[in-house]
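The values are calculated or read from the model by the stated rules, or taken from the named source; none is laboratory data. Just so you know, these numbers come straight off a predicted model, no measurement behind them. Note that we place each Cβ from the backbone using ideal geometry, even for glycine, and neighbour counts take in every protein chain shown.
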Ligand code: G3H
Ligand code: ZN
């Protein structure tokens, strides 16, 4: 019978040993299987997460929980799996705690910071009573139109003291596709925060950030990297190639059958995930520590 873990030990280990574990959003059945396959084949822990929008699309938080537990059984999963609510409201976090998600992100960034902190503390209490992990957000992650806000060191300390298990910080990162002329991650602020708190730090908007910046961020304390857009683009590209090659039109091989039509895109998610796992240094469950080696000089190369 499948079970979920809260991942606290995994992320503490990642922070301590300078590697990162990906946090991958699921969007449907195929996505879920692609992510489980990637984790199984690399023998790395899997954090699978769902946004409110994706959960609504799929049929609700309960359906997502049941889907993941069922797939874990049917795919014979023998690696640790964490199920996380991504960017949840206060109500959504409470709902997912009650449903037995093993981790929840309460995203109170749009609230006045005192209210964000007070509500985060309530979620921490509810979650910790049940052994569930909590992620909070400080500062603001930008969207592709901009609008991010740097997290302050003072907030990092206050939220860490509130007992959050993972802390998402606005450090110039953006959700979705990065715009032309993006300034890059603010390593100075990341370092100040990492020096002030031991909490594993989370990088949202992990898709499309140059590898060297990600590696530097990991070396400074980022332990969880959220990825969604990257795999959507991988899925889209492979699906487009399948259709442009006319494979969906082949009636003799039933290329129009969704089980075939969605195959190339699904495999592309797994391939992209395995590549990321290798350069984020994600530690295999069987392995010794694999530390990300960051070469400062390479960051400034064109
Ligand atoms: O919470 C999810 C993410 O931060 C994913 O961002 O779609 O830019 O990879 P992304
Ligand atoms: Zn995010």
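List of remarks:
- Residue in segment 172-184 that is in contact with a strand residue (DSSP E or B) (Cβ under 8 Å, 6 or more places away or on another chain), over 17 Å from residue 21 (Cβ atoms), buried (at least 24 other Cβ atoms within 10 Å of the Cβ) and in contact (Cβ under 8 Å) with a residue 40 or more places away in the chain present: no
- Yes/no for residue 249 being at pLDDT 95 or above and away from ligand 1 (no atom under 16 Å from the Cβ): yes
- Scanning segment 35-54 for residues that are touching a strand residue (DSSP E or B) at 6+ places or on another chain (Cβ under 9 Å), farther than 17 Å from residue 105 by Cα and part of a helix (DSSP H, G or I) gives 35, 36, 38, 39, 40.
- Exactly one residue out of 220, 261, 167 is away from ligand 1 (no atom under 13 Å from the Cβ), out of contact with any strand residue (DSSP E or B) (no Cβ under 6 Å at 6 or more places or on another chain), without any contact (Cβ under 8 Å) to a residue 40 or more places away in the chain and closer than 30 Å to residue 128 by Cα, and it is 220.
- Selection status of residue 236, away from ligand 2 (no atom under 16 Å from the Cβ), surrounded by fewer than 16 Cβ atoms within 10 Å (Cβ to Cβ) and part of a helix (DSSP H, G or I): yes
- Residue count for segment 141-166 satisfying the condition of being within 13 Å of ligand 2 (Cβ to nearest atom) and buried (at least 18 other Cβ atoms within 10 Å of the Cβ): 4.
- Here residue 179 clears all of (1) at pLDDT 95 or above; (2) within 16 Å of ligand 1 (Cβ to nearest atom) except the condition numbered (1).
- Of all the criteria given as (1) buried (at least 23 other Cβ atoms within 10 Å of the Cβ); (2) within 16 Å of ligand 2 (Cβ to nearest atom); (3) under 14 Å from the mean Cα position of the chain (by Cα), the one not satisfied by residue 51 is (1).
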